[in-house]
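In what follows, a structure is listed as structure tokens, so that the remarks can point back to it.
Every number here is computed from the coordinates shown, using simple stated rules; none is lab data. Remember, predicted model here, so these are calculated numbers, not experimental data. Cβ atoms come from the backbone with ideal geometry, glycine included; neighbour counts cover every protein chain shown.
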Amino acid sequence: MASEVITTERLTLRRACEDDLEALYAVFSNPDAMRYWDTLPHEDREQTRRFMSRMIKASETKSDDFVVEHQGHVIGKAGFWRRPEVGYILHPDHWGKGFAREALTALIARAFDYHCWPHITAEIDPRNDRSRNLLTGLGFTETGFAEKTLKLGDLWVDSAYFRLDNPSDAAGA
């Protein structure tokens, strides 16, 4: 079984547990954090608890998801919620500090080295310039665009799709 904890210079990525409810609710109920997420902000803790339950119970064959801790406090989540698609969200108090890049760098290495995946994908709201810059900075290339892929409340949003190929596959090709 894969390591349940990944450590970086400043972060600890570990599996979610029930004790993470308050910290994750602080993220998922925050309108700024959820601006480009695939659901509206969570209205109550039960909604976050259901999300966490799916995250905790997910099979490694389908998911490889982690909470992100900084200095012992959960600040968000990152991982492969549906393999090989990466997703990430941090509380806005922790934006602009390189934490998302640090977490994704570790997760990408794990995906290619441990899982031996041929590629990783990502889907973002194309209005999310921070995510676009993060992904392209990590070497992802944009592979597509689709209009009106998701309805959040009364608003239809589009999707931009990205892909990062395993460099060891490219070297061997």
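Evaluated on the range 39-141, the Kirkwood hydrodynamic radius is 14.6 Å, with distances taken between all distinct Cα atoms. The ranking of Thr39, Thr149 by Cβ neighbour count inside 10 Å, starting from the fewest, reads Thr39, Thr149.
Comparing Val157, Val67, Val86 in a Gaussian network model of the chain (Cα springs below 10 Å), the most mobile by mean-square fluctuation is Val157.
Here the sum of -39500 (n - 2.57) over DSSP H runs of 4 or more residues, divided by the residues of the chain, equals -8500 deg cm²/dmol at 222 nm, to the nearest 500. Note on the range 1-67: Cα-Cα pairs beyond 20 Å make up 35% of the total pair count.
Please say if the range 81-173 is rounded, prolate or oblate, where rounded means a/c under 1.5 for a ≥ b ≥ c the square roots of the C-alpha gyration tensor eigenvalues, and otherwise the choice is prolate for a/b larger than b/c and oblate otherwise?
Oblate shape, in that a/c is at least 1.5 and b/c is the bigger or equal ratio.
Along the range 99-114 the Karplus relation, 6.51 cos²θ - 1.76 cosθ + 1.60 evaluated at θ = phi - 60°, assigns HN-Hα couplings of 5, 5, 4, 5, 5, 5, 4, 5, 5, 5, 4, 4, 4, 7, 7, 7 Hz to successive residues, with x for each Gly and Pro. Dipole magnitude for the chain: about 140 debye, using +1 per Lys or Arg Cβ and -1 per Asp or Glu Cβ, origin at the Cα centre.
Taking a straight Cα-Cα cut-off under 26 Å and skipping sequence neighbours fewer than 8 places away in the same chain, the lysines within cross-link reach of Lys97 are Lys77. Principal axis analysis of the Cα atoms in the chain yields extents of 49, 38, 31 Å, listed in decreasing size. Label point of Arg15 set 7 angstrom out along Cα-Cβ; within the range 27-55, amide nitrogens under 19 Å from it belong to 49-55.
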